[in-house]
C-alpha cells in the first residue's frame, strides 16, 4: 500500500513528531512509504526514506531535499525536468500545533487530499482541553472536574490541593505541573502560561487507575485496540514522553474485567461517533471510585499507538479504505442569473 | 487604508458572498481595496475592481484574470514579468462553508497572512449550530432548546409543534423549514438532510422578539453596534436573505430600554471574549418571557453588518489595528541533539 507520512510542524512537539515518523517507518515495513516534512517555517520537503533519522532534521540536511507545495489534489514538486504530483493518502503524524489543532486538516481538505487524521471540528474538541470538557458535558461522558484560568487574571482556586496544572492546548506533558502546596501554585501557573494563554487546573487524584484505549472507524464499525494500563508514574515528563513516542513493541492487555472494558469502549464510542471519523485516536481514561472519567483525547497518538494493535499494518489499510471525503459543494449561479435576467441584462 | 476582500468559496453561500463583497466595496469607498475571489474549484483570482459585479462570476469572466496562489506571507501572482506578492490584510468575506467553518482561517494562519475574521476554534463553535449550543451551555449563555437528528436515524421528536428544522451547519436559511403539523416533519427533515448530515429541531416560538447586535474587539475593548429589531417575517427565505446581504443603509435602533440593551451586550461579551478576537460578529438574540436567548452567531455577517454601524470605515480601521497574530512556535532540536550527543553520534 502507498502511504505518505506527513510529520514535523511548527509546534512544541516538532521533535516528537520526527521520532513518531521514524517509528512508524519501522512498523509499516511492507508499505510503499514516502515522507513529507513540514519544517518550522511551514515549508514542505520530500524526504529520502533512507535519510529518515533524527539528525537529518536537527542538522537541517532536509533543506537540500526537494521542496513541495500544496496544490489541488496533492503536493507538487517542481524541477528542471517538470512537475511531479505526490498524491498518495496522507497519514497526518504532526503532533501538537498545526497537526492536531485543525490547521493541517483544513489544508488537506481544502486541497482535496485524502488523509488519515482528525477533521477540523474533531481537532478543536480534542486539542484544547477546555473544549474536550465542553464535548464531554454535551454528550454525557464524565470527566475530571476543572477550572480555567486566563493569563493576567487573578487565580482564585476553588479546588483543593494537590492539583495538576496544564496549558489548555499542549500534549506530551509540556508545561504540566503537579502542585501539592498552595505556595507552589503561582510558579506552576506561570510555567503553564509560557505555553498557552489558557490553563486548566484539575484535582490531582492519587492512586488513580489509568487505562488507555485506541480505536478507529472502518466500514461503519469502531475497531478497538487492547486496553493498556500505562506505566505508573505521577506523570511522564517531556523527555520520558519523547521516548514513549518511539514505542513499537506490542504491550499486554490490562488485567481488568470485561465489564470495565465494555464501559471504556462505550465511552470511547460516544466520543468518536460523528466526530472523529477518519482518525485513529487514543482515549486516556481514569477510573475513580468505580467511575470511568475521560482524561484526554489524543487524536494523533504517539506513533499512532501502534503498540496497542496486533496487526498494525492491517489497521492502517482498513482505516485508509474508510476515510470520509471532504464535502464538495457545487457552486451555482441561479440567483445571480435570475436577477440579471429580471433586470434585462 | 489597504485591504483585500476575500470572497466566493465552494459553498451554498457562494453567491451571497459575491453580493456581500460588492456591497462592501460601496461601503469602504475611501479605502484602497483589492479583491481576491475563491472559485468553486478552490482556485484564487485577483479581480479587477472595475469588474466587481455579479455577472463577472456567473459568466466565468474571472477565469481570464490573474490566478494567485497561497504562499508564506501572502498570495503570489506569477507572470512572464516576474512575481508579485499580495500581502495586504485580508477581510474574510466568504460566507458559509470554507469561510465560516475554519478552513480559510487555517489557511491564512498557516501562511502567516493577517486577516479580519473568526479564527478556527471560533469557526467550529459558530458554524455548526450544535457546537454553539455546547458553547452556550459551557459559558452560561441561554439558548433555545434543541434536539439533534442524524441522517438515517429514526426521528423521535420530543419537542411539541410547531418546530423549526435546520441543517446544523448552514446559514442564510438554506434548508430551513417551519413545521406546524407532525405530518410535515419528515419532509422538512429530508429537506434539511439534503444539506447536512446533522439537523437541529427547535421549538418555533411565535411572536418572539428578535434583536441583532454586532460588535468587535479593538484595543482590548468590545465595541458594539446599535441593536436592530429585524423585519418581522416568519423567517427569511434564501432569496430574501440574498437581498439582505446587499444591505447598505444604516438602520434605526430598536426601541427597547437600556436595561435590555445591556443584557444583550453582556451575553454578546460572554460569547465573544477569548473566542472571536479578530472578527466582527453579529449575534442574533430572541427575547422570550423576558429571557434573553442566543439564537445564532454570525461570525462573518452579510456585508459585515455595515448597516448597524454609524462609521463603518472607522470600524474596519480599528479592527485591523487589533488583529491577533498567529502564534509562532520556534522549533528546537534540543532533545534530538542531547540524545545524539549521548549516543556519541
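Once both axes come from the Cα atoms, what is the angle between helix A:14-27 and the longest principal axis of chain A, in degrees from 0 to 90, rounded to 10? For A:14-27 against chain A, the angle is about 80 degrees. The three principal axes of the C-alpha atoms in segment B:306-345 carry coordinate ranges of 68, 13, 8 Å, sorted with the longest axis first. Copy-to-copy label distances for residue A:156, where each label lies 7 Å from Cα along Cα-to-Cβ, are 4.4 nm in order of increasing length. The C-alpha atoms of chain B define a longest principal axis, and helix B:258-272 lies at about 50 degrees to it. For residue B:184, the point set 7 Å out from Cα toward Cβ sits 6.5 nm from its twins in the other copies, listed from shortest up. Within the listed set B:282, B:273, B:119, the residue fluctuating most in the Gaussian network model of chain B (springs between alpha-carbon atoms under 10 angstrom) is B:273.
Please list the three semi-axes, largest first and in whole Å, of the ellipsoid equivalent to segment B:147-203, using sqrt of 5 times the eigenvalues of its alpha carbon gyration tensor.
Details: eigenvalues 48, 31, 19 Å².
Semi-axis lengths for segment B:147-203 are 15, 12, 10 Å.
Rg over Rh for segment B:2-117 works out to 0.93, using Cα positions for both radii and the Kirkwood form for Rh.
Which residue fluctuates most in the GNM of chain B (Cα springs below 10 Å): B:314, B:64, B:330? Comparing B:314, B:64, B:330 in the GNM, the peak value goes to B:330. Remark: mean inter-chain Cβ contacts per residue of B:53-64 equal 3, using a 10 Å Cβ-Cβ cutoff to other protein chain atoms. Neighbouring Cβ atoms from other chains, within 10 Å of the Cβ of residues in B:98-110, number 5 on average.
Over all distinct alpha-carbon pairs, what is the Kirkwood Rh of segment B:100-145 in angstrom?
Values: mean 1/r = 0.0876 Å⁻¹.
When all Cα pairs of segment B:100-145 are included, the Kirkwood radius is 11.4 Å.
When the inverse distances between all different Cα atoms of the protein assembly as shown are averaged and flipped, the Kirkwood radius reads 26.6 angstrom.
Over chain B, what portion of Cα pair distances is larger than 30 Å, expressed as a whole percent? Of all Cα-Cα pairs in chain B, 39 percent lie more than 30 Å apart.
Per-residue ellipticity at 222 nm computed for the protein assembly as shown from its helices equals -8000 deg cm²/dmol, with DSSP H segments shorter than 4 residues left out and the rest contributing -39,500 (n - 2.57). Across the copies of the chain, residue A:65 has label points (7 Å from Cα along Cα→Cβ) spaced 3.9 nm apart, shortest distance listed first.
May I ask you to compute the full-extension gain from residue A:142 to residue A:183, defined as 0.36 nm times their residue separation minus their alpha-carbon distance, rounded to one decimal in nm?
Numbers: separation 41, 0.36 × 41 = 14.76 nm, distance 3.02 nm.
Contour length minus the Cα-Cα distance gives 11.7 nm.
Between A:73, A:215, A:96, the GNM of chain A built on Cα springs shorter than 10 angstrom shows A:73 fluctuating the most.
Every read-out reported here was derived from the displayed coordinates using simple, explicitly stated rules and does not represent laboratory data. Here the structure is a predicted model, which is why all the values come from computation and not from measurement. With ideal geometry, Cβ positions are generated from the backbone for all residues, glycine too; neighbour counts draw on all protein chains shown.
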